[in-house]
Amino acid sequence: MDNSHNSNEANRDEETSPPVSPVSQSLNSKIASLIIYVVFELEKSITEFETLDFLRTHLVPQNVRFSSIMERNKKGVLRWKRVGIHLEDHIIVPTFPNGLTREHYDEMLREYISKIGCENFPEGKPLWEVHLVKYPSTKGACTMIFKFSHAIGDGYSFMRVFFKCCGRADKPSLPLTFPKMSLVKTQPQDHGNRVIGLGKKLLGLMGTCINTSYDIVETSLRVTCLEDPPSAIRYSYTSKKRELLRPFNVYSVTISLERVKQVRIKLGATVNDVIIGLLSYMIHLYTERKKKLMEPYGEEDGLLMMDSNGATNMTLCVMVNTRVFKGAKNLDDMIKAEAWGNRSSIAFAKLPSFPNDEQVNPLDFIITAKKNMDRKKNSLILPLLDPFLKTATRVLGQKVTNGVLYKSFKNSSTMISNLIGPKEQMAFMNHPVSNCYYIVSGIPQSTTFTSVTNNDKLMVVVTMEKEFIDSELFTSCMDEAFENIFQAAFGDNQDRDDNKIKNKSD
């Protein structure tokens, strides 16, 4: 009887265990091991007991995947199998030497993040960890690093957990509030001549069809054979096989969100356009200076490929939250929605580029980025991509998703992921947060960018592969790009200290 009962229980668990989606399978495989690191720099130290309380009451109950591992059943179907979980085993507290300065601990923290960025998750345990660094840095009393496999969910899924449990640092009893911005583009109504209004709609429909057709062809080529040439920021992955988890440096710049909005208004762009333009200009500066440094070694060692006009040919992977296509009109709707999982897609955008000269107008990069992104918005490629990929995977198998995901990153030069945070300073478990950001690792790219808006600040974070990217040159170009953009936008050096609140490495 007992054996029969246990067998029935096992069969029931197997039947009720949710299957692992094709995307989640690809995100935790040999072709990609995409890992998300959410970093909280706290003004007050937090204890292991408080961390356990958060895990027990807020994180683990959110989804079965936090207490499950991937395992194939008797039919060969990969499912999320629930296992016994000891939360204490998921908390890692590193030991550093005592009595060092905050600057020394900053350096040790950077090296520690790089170290855990090269380590995959141990087998037989759920795919997440918490690293509690109980040493003061220049920006906090301690640092919490949440390490999640992207197979569990996307960055928004994880940040939603934190946003829901965090309160305001100034008024803990009040919930966090988010910018009142629409996530779905609304079409203006034409109250004039109906014929003119109909003509505009037809032209708009034609433009959408043309853009969608172009994007379908471009995306099909990008995930199969169309590959960016090697450059100052892109390693030639065809030369030899490389590990996905490689040592990296992390650098960040924090600037006033209000000043970014002033640039946005001046150019009629969005904050996202400004960010992409900034990064494009920064990459342009780095490419030009890296080329000069490599000239004595010849063109082959320079790893710099230009077109006939001297401009670089680079493609940016833009991570897009597809929840906006499911009816969410603003950030509050998305926070309240129970939309867990990988609801992100990739849009390909050409990085603005100009002939090889440092003396260019930085604002031209933002204007060009706006034109490129406006065209992407007037396309149906993203709503069509997910159902197409699901259908192709059902017909042709898991190899389709694997190939699309891997080549999306491998054939592009870099990627960016953006997150809009609350307007107020957060408090995590009643501990005020001085900084909150996230980074990613485990993809075949040498640089990645993430950005977070919070408490009227914009933090842009870059990860740079240690063995390929000249981090000292890269970070100096990043600082200079931010300063030059504001100087070009406002015509003078006023409020430079407000423009660039803080540069730091983490």
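Semi-axes of the equivalent ellipsoid of region 64-119 are 38, 13, 7 Å, computed as sqrt(5λ) over the eigenvalues of the C-alpha gyration tensor in descending order. Couplings 3J(HN,Hα) of region 289-295, computed from phi: 6, 5, 4, 5, 5, 8, 4 Hz, in residue order, whole Hz [Karplus 6.51 cos²θ - 1.76 cosθ + 1.60, θ = phi - 60°; x for Gly and Pro]. Remark: for residue pairs Lys147/Lys457; Lys134/Lys466; Lys44/Lys134; Lys139/Lys266; Lys147/Lys390, the C-alpha separation exceeds 22 Å in Lys147/Lys457; Lys134/Lys466; Lys139/Lys266; Lys147/Lys390. Sorting Met319, Met478, Met206 on solvent-accessible area from highest to lowest, probe radius 1.4 Å, gives Met206, Met319, Met478. With a Förster radius of 30 Å applied to the beta-carbon distance between Ser236 and Leu384, the computed FRET efficiency rounds to 0.40. The distance separating the Cα centre of region 365-379 from that of region 94-168 comes to 35 Å.
The amide H of Thr448, built 1.01 Å from its N in the peptide plane, has Thr463 as neighbours under 5 Å, considering only residues 5 or more places off or on other chains. In the structure displayed, which of Lys292/Lys370; Lys350/Lys370; Lys30/Lys399 lie more than 18 Å apart, Cα to Cα? Check vs 18 Å cut-off fails for Lys292/Lys370.
The values are calculated or read from the model by the stated rules, or taken from the named source; none is laboratory data. Keep in mind that this is a model prediction, so the values were computed, not measured. Glycine also receives a Cβ, built like all others from the backbone with ideal geometry; neighbour counts cover every protein chain displayed. Calculation scope for accessible area: heavy atoms of the full protein, side chains included, ligands and nucleic acids excluded. Shrake-Rupley method; radii C 1.70, N 1.55, O 1.52, S 1.80 Å.
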